[in-house]
Amino acid sequence: MIGELATMTGFNILLAWSVYIILLSGTLSFANGAFMAIGAYVAGIVTVKLGLPLAAGLAAAAIAAAAIGLLAGYPALRTRGIYLMLVTVGLAAVVETGIQNIPYIGGVKGMGGMQGTTLYHIYGAVLVVGLALWKLTHSPLQRLLDAVREDERVAGALGVNVVYLQLALFCFGAALAAFAGGLYSHHMFFIAPDHFMVIVSVFVVLYVIMGGVNNMWGPPLGAIILTLLPELFRPVGQWRQTVYGVAIAALLLFRREGLMPFRIPSVRLRRNQESGSAR
Amino acid sequence: MLAEQLINGLVLGAMYALIAIGYSLVFGVLDKLTFAHSEIFMVGGYVGVATAALGMPVWWAIPFAIVIAGILGLIVEYVSFRKFNTPDGHITAALSSFAVGIVMIDLVQKVWGTDPVDLDIPRSIYTAGITAWGIRLAWIKLAILGTTLAIMVGLQLMIMKSRIGRNIRAVAESGTASALLGIDVKRVTQQTFFIASALAAVAGLMLALRGGFADSNVGLGFALKALAIMAIGGMGDVRGAMLGGLAIGVLEALAFQFDLGKFSEVLVWGLMIAVLLVRPTGLFGRATARELRA
C-alpha cells in the first residue's frame, strides 16, 4: 500500500515537472497525458513486441514523444493562450482515439506484459530531473525563460529566439512525460487507452498550478499533496470525491498563486550587489 | 436512410450548439473557460429523470432544468471565477471549475448511482411519428430540434435586442469601459453564467430525452467536443457556435453513415486544430485586441 502510494507519487512528480518544463516558457500543455500514453505504448512495444531491455524502451519512448512534440508543437505554438490550451486538449483527444483504433497495440482492450519498473528507477529519475532543474534554476537560461514568460514580445525584441526556446522546452516536456509513461506501463503490467484520458492531463496541470508555477518545488509539492489527499480522506468513506473536489476548489481559492509562489533568484545575492542591477 | 441520418445529425448538432453557445458566452464576457459546464450539461439529464420519476409531464423538466442549472451556474461563478482576475487567472479558474465539476458528478452519483438511469417515460414516444417522402420522422426528434432551434433564435434576439443582451455585449467588448459607463459587470457576469448554464442543462435534458436515459459520465466527452466547436466557430460569437454545432453534428452523422463513427472524435479536434492554425480567431471571430492578447 505504502509502496504503491510512493510509486504513484513518483510518477506524478515526474509528470508535474514535465508540465512545469513546458510552462517555463509560458506555454501551458494539456497534452502531457497524451505524451505519457505515447511513451507507455512505445516503451511497451519495444520491450514486449521487440524483446529489448527496459532502458531501450524508455529511450525510444522519450525520442518518439520528442519527435511528435516537435511535429505537433510547431503548429500548436503558433496559437496563444486559451487557443493553445484548446489545441493541446485536441491533441490529447486525437492521441486517445488513435490508440483505441490501432489493433497492433490492443486497441480499446489494452496491452499487457510490460514489467521491470522498481521504486529505485522512479526515484532515480526524480532525482536526475530534480538536479537538472536545480542546475537550470541557477543558470542564465532561467533568466531568459523568465523574460519569455513575462512578455515574449519584449524578449523577442531583445534578441531571444522565442519560438526556438518554446519548441525546445515543449519537446523536453513531452520526452519527460513519455519517459514517465514508459516507467508507468512497466510498473502497471497492463495499459489501456482509458488510463490516459484527457482528464489525466487536466490533473497533471492541476498539480502544477496548485503547487505554484514560479519555482521547481511547487509542482512536486502539488503532485504529492493531490496524490496523498484522497488517502487522507479515506475516513470520510463514500464522500471522498466530493471532499476532494471541495478541497481542490478551496485550496485554489485561498492560495491563488499556488502553495509556493516565491521565485528563486537565479543569481546569488552577493554577486548581485557587486554588479548592481544584474537582477 | 441518408436523410434520416441528416436529421439525426441536426438533432445532435443542435445539442452541441447549445453547449457551445454557453462556452462562447462565458468566454466572451470573461475570457475564461469553464470546465464545470460539461457537468452542468450532465445534470440537465438527471433533472429530466427526476421530473419523470415524480410523475410530472416530462416537458416540465425544461423550466426545472433552467432554474436548477442557472443556480449551479451562479455557484460556479462565485466559487471559481469571481476571485481569479489576474493575468494567469484563466488557468486557475478553469481548474477550479473542473474541481467543482468533480463535486457535481459525485453528488449526482450519490443519488442515482454510477450506471446510466432510465427515464421513466412511455417508450411509445420513440416510435410515434410520421413518414413523409419515405423518411421516418419521430415526433420526439422533431420536438427536440424545434425546441433547441427556438431557444437559439430566442437567445440571438435576446443578445441583440434586449437590455441584458446589450449589457452582455458591452462587457464582452470591454469590461473596464462598460464598468465606467455604469454597467454592473458582476451582475452581467452572473446573468451570463445563468444563461449559459441553462442552455447546457437544456441540451443535457434533450440528450436524455433522445436516448431515454441519463448518464453521469457523459459530460466531459460530449462537452469537450462542444468546446472544440466553439473554437471552430469563433470564440465569443453565438452564430459561430450555432452553425459550427449543426455542421459538426451533421458531419458526425455522415461519418457514422459511412462507418467511420469511431473517428468522429478525431474529426472534430482535427478540424479545430486546422481551423485555429489557418484562422486563429475561428471562422466567425474578429481579430480584436483581446484575442490577439489571449
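Since every read-out is calculated from the coordinates, none of them should be taken as a lab result. Keep in mind that what you see is a predicted model, and the values were worked out from it rather than measured. Here the Cβ positions follow ideal geometry from the backbone for every residue, glycine too, while neighbour counts run over all protein chains shown.
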Exercise for review: Take chain A, connect every pair of alpha-carbon atoms lying under 10 Å apart with a spring to form a Gaussian network, then pick out the residue of A:57, A:245, A:73 with the largest mean-square fluctuation.
Suggested key: A:245
Practice item. Give me Rg over Rh for region A:2-197, both radii from the alpha carbons and Rh done the Kirkwood way, two decimal places. Key: 0.99
Check your understanding: Does anyone have the angle between helix A:32-44 and the longest principal axis of chain A? Alpha-carbon axes, 0 to 90°, nearest 10?
Key -> 50 degrees
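What number, rounded to the nearest 500 deg cm²/dmol, is the helix-based mean residue ellipticity at 222 nm of the protein assembly as shown, given -39500 (n - 2.57) per DSSP H run of at least four residues and division by all its residues?
Helix-only estimate at 222 nm: -23500 deg cm²/dmol.
Excluding residue A:181 itself, what net charge comes from residues whose Cβ is under 15 Å from its Cβ, given Lys and Arg +1 and Asp and Glu -1? Walk me through the intermediate numbers first.
Values: positive: none; negative: A:96, A:194.
So the environment of residue A:181 carries a net charge of -2.
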Check your understanding: Averaged across the residues of B:58-68, what count of C-beta atoms belonging to other chains lies within 10 Å of each residue's C-beta?
Key -> 0
Check your understanding: If eta is 1.306 mPa s and T is 10 °C, what Stokes-Einstein diffusion coefficient results for region A:88-163, Kirkwood Rh from Cα pairs, in µm²/s?
Key -> 95 µm²/s
Exercise for review: Enter the mean projected area of the convex hull around the alpha-carbon atoms of region B:51-160, in nm², rounded to one decimal.
Suggested key: 10.8 nm²
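In whole percent, what relative contact order does region B:2-293 give with Cα contacts below 8 Å and a gap of six or more residues?
Working: 473 pairs, mean separation 110.5, N = 292.
That works out to 38 percent.
What is the local net charge at residue A:252, summed over the other residues whose Cβ is closer than 13 Å to its Cβ (Lys, Arg +1; Asp, Glu -1)? Provide the component values of the computation, followed by the final result.
Numbers: positive: A:255, A:256, B:82, B:83; negative: A:257, B:88.
Neighbourhood net charge equals +2.
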Check your understanding: How far is helix B:89-112 tilted, in degrees, relative to the longest principal axis of the Cα atoms in chain B, given as a value from 0 to 90 rounded to the nearest 10?
Key -> 30 degrees
Practice item. Report Rg (one decimal) and Dmax (nearest whole number) for region A:3-79, counting Cα atoms only, units Å. Key: 13.9, 42
Exercise for review: Please give the net charge around residue A:93, taking every other residue with its beta carbon less than 11 angstrom from that of residue A:93, where Lys and Arg add +1 and Asp and Glu add -1.
Suggested key: -1
Practice item. Can you pull the one-decimal nm distance between simple spin-label points at residue B:184 and residue B:217, each 7 Å off the Cα toward Cβ? Key: 4.4 nm
Exercise for review: Answer with one residue from A:205, B:157, B:35: the one whose Cα lies farthest towards the positive end of the charge dipole of the protein assembly as shown, charges on Cβ with Lys, Arg +1 and Asp, Glu -1.
Suggested key: B:157
Practice item. In debye, nearest 20, what is the charge dipole magnitude of the protein assembly as shown about its Cα centre with +1 on Lys and Arg Cβ and -1 on Asp and Glu Cβ, if you could check? Key: 1220 debye
Point to revise | Calculated on alpha-carbon atoms, Rg and Dmax of chain B in Å | key: 18.7, 60
Exercise for review: Round to the nearest 10 and give me the degree value, 0 to 90, for the angle of helix B:219-233's Cα axis relative to the longest principal axis of chain B.
Suggested key: 60 degrees
Review point. Can you give the alpha-carbon Rg of the protein assembly as shown over 2.2 N^0.38 Å, where N counts its residues?
Key: 0.98
Practice item. For each pair in B:141/B:225; B:141/B:161; B:32/B:83; B:32/B:225, compute the distance between the two Cα atoms and list the pairs where it is over 19 Å. Key: B:141/B:225; B:141/B:161
Review point. Where is the GNM fluctuation largest for chain A (alpha-carbon springs, 10 angstrom cutoff): A:92, A:65, A:155?
Key: A:155
